[in-house]
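The values are calculated or read from the model by the stated rules, or taken from the named source; none is laboratory data. Being a predicted model, the structure only gives us computed values, none of them experimental. So basically every Cβ, Gly included, is an ideal-geometry build from the backbone, and we count neighbours across all protein chains shown.
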Amino acid sequence: MNTEITIQDVAQLAGVSPSTISNFLNGRHERTSPETLERVQNAIAQLGYSPNRAARHLKTGRVQMIGVIVPSVANPFYGAFASCIERAALQAGYQILLGNSERDPEREQRYAEELWHYGIRGMIFGSSLLALTHLAGLVKRGLSIVAFDRQTQAIDDPPVDSVSVDNLLAARLATEHLLQLGHRRIGFVTGPLRTVNRQERLQGYQQALRAAGIAPERELIWEKALAQGFGDTESVELGRSGARELLSQSNRPTALLTINDMYAFGAYAGARDLGLRVPDDVSIVGIDDIVLAEVVDPPLTTIRQPLCEMTRAAVDIIIQRIEGKTNDAPQHLTMKPELVIRKSTAECRD
């Protein structure tokens, strides 16, 4: 005896058509009244119905999933990033599959190929690599991609959708804040500058200095990694090493801008190693405003990204592409950052 619960069983119990159940399962709720939605939800719960994803894949060639590839969740920013994406995706009837690529193009390509064969037709990439040529073949086959935290580049072929904070403005806001506090020797601490967002943040820092009549000094820019790669899993230690080197100079900087908040936390430790106090002896600014920024001592002055707004936009774009609701040219959304002033910055005393 076949006891499998079908979509027709759910429709009969809820008193609606099977197409109404299908629309509900696919996140199409616009024309369904709240009372009907409640009956459908109750019927699904009462019967314990679970849609046959394999059958749906065979019928449509895709599954209700979005691939999400991040550099590394060792940085809490990407944990929050994935969480925001998942929340937006679930509201639209989709689930996510998450992978850590460490910004390795070959690893990203393997992830993308595997997810493509699984039936996933839309993916969000957070690695901000200089080129996306490793994904071009899949894009030409029909894979939809949103590049997150990466402005579109002239070399992108074919071009893809993108959602990013204005990274150039983010670093400019941070640097201008330090300049307004009287700092003139401002160090910049980063890992390898082989990503679009890092290069833009460096440009923003340099632009702010030049606008203030200060020539950027190469000796105040620290760019290294402790091992091969981009430093995403070692960002705290990199921030510590960078701060120690810059703050050991005879004419040391009085302030540091770090590529992200995790580097800033490392810079705190590097300053302490040298017997320096934040912000009495050195001011420090990060970028991202992760959840820890408010609870470290002293609380970190940083640049906030509108993360949930950005991820909602990315999910909306990718679902529109997956479901064939738009064939428009790629969208490129750039959102404004916000300076959040806390206790890690103070007026220059030198």
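The table for this structure:
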{"quantity": "Residue 231, sole failed condition from (1) part of a loop (DSSP other than H, G, I, E, B); (2) within 17 Å of residue 339 (Cβ to Cβ)", "calculated": "(2)"}
{"quantity": "Residue count, region 303-322 (criterion: crowded, with 19+ Cβ neighbours inside 10 Å and in a loop (DSSP other than H, G, I, E, B))", "calculated": "1"}
{"quantity": "Some residue of region 238-249 being assigned by TED's automatic domain parsing to the domain that holds residue 281 and either within 22 Å of the chain's Cα centre (by Cα) or within 21 Å of residue 105 (Cβ to Cβ) (or both)", "calculated": "yes"}
{"quantity": "Selection within region 237-260 - in contact with an Asp or Glu (Cβ under 7 Å, 6 or more places away or on another chain) and surrounded by 24 or more Cβ atoms within 10 Å (Cβ to Cβ)", "calculated": "260"}
{"quantity": "Meets criteria (more than 26 Å from residue 172 (Cα to Cα) and in a loop (DSSP other than H, G, I, E, B)) for residue 346", "calculated": "no"}
{"quantity": "Only listed residue being within 15 Å of the chain's Cα centre (by Cα) and at pLDDT 75 or above, chosen from 87, 39", "calculated": "87"}
{"quantity": "Among the residues listed as 141, 185, 194, 121, the single one being charged (D, E, K, R) and at pLDDT 95 or above", "calculated": "185"}
{"quantity": "Criterion violated by residue 280 - all others in (1) among the charged types (D, E, K, R); (2) more than 24 Å from residue 341 (Cα to Cα); (3) surrounded by fewer than 22 Cβ atoms within 10 Å (Cβ to Cβ) satisfied", "calculated": "(2)"}
{"quantity": "Pair list, Cβ < 6 Å and 6+ apart or interchain, from region 206-225 residues that are in the same structural domain as residue 267 (by TED's automatic domain parsing) and over 21 Å from residue 238 (Cα atoms) to residues that are part of a helix (DSSP H, G or I) and of a type in the set (S, T, N, Q)", "calculated": "208/175; 216/206"}
{"quantity": "Residue match in region 80-96 (condition: of a type in the set (A, V, I, L, M), in contact (Cβ under 8 Å) with a residue 60 or more places away in the chain, in contact with a Leu (Cβ under 7 Å, 6 or more places away or on another chain) and closer than 23 Å to residue 231 by Cα)", "calculated": "yes"}
{"quantity": "Check on residue 16, of a type in the set (A, V, I, L, M), at pLDDT 85 or above, under 30 Å from residue 129 (Cβ atoms) and not in a helix (DSSP H, G or I)", "calculated": "no"}
{"quantity": "Conditions (1) outside the structural domain of residue 186 (by TED's automatic domain parsing); (2) of a type in the set (D, E, K, R); (3) surrounded by 15 or more Cβ atoms within 10 Å (Cβ to Cβ); number of the one not met by residue 234", "calculated": "(1)"}
{"quantity": "Checklist (1) under 30 Å from the mean Cα position of the chain (by Cα); (2) surrounded by fewer than 24 Cβ atoms within 10 Å (Cβ to Cβ); (3) of a type outside the set (A, V, I, L, M) applied to residue 263, failing item", "calculated": "(2)"}
{"quantity": "Candidates 257, 300, 238, filtered to the one that is among the aliphatic types (A, V, I, L, M) and closer than 26 Å to residue 152 by Cβ", "calculated": "257"}
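Okay, residues lined up against (1) modelled with pLDDT of 95 or more; (2) of a type in the set (Lys, Arg):
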| site | (1), (2) |
| --- | --- |
| 198 | yes, yes |
| 206 | yes, no |
| 209 | yes, no |
| 219 | yes, no |
| 229 | no, no |
| 242 | yes, no |
| 255 | yes, no |
| 270 | yes, no |
| 274 | yes, no |
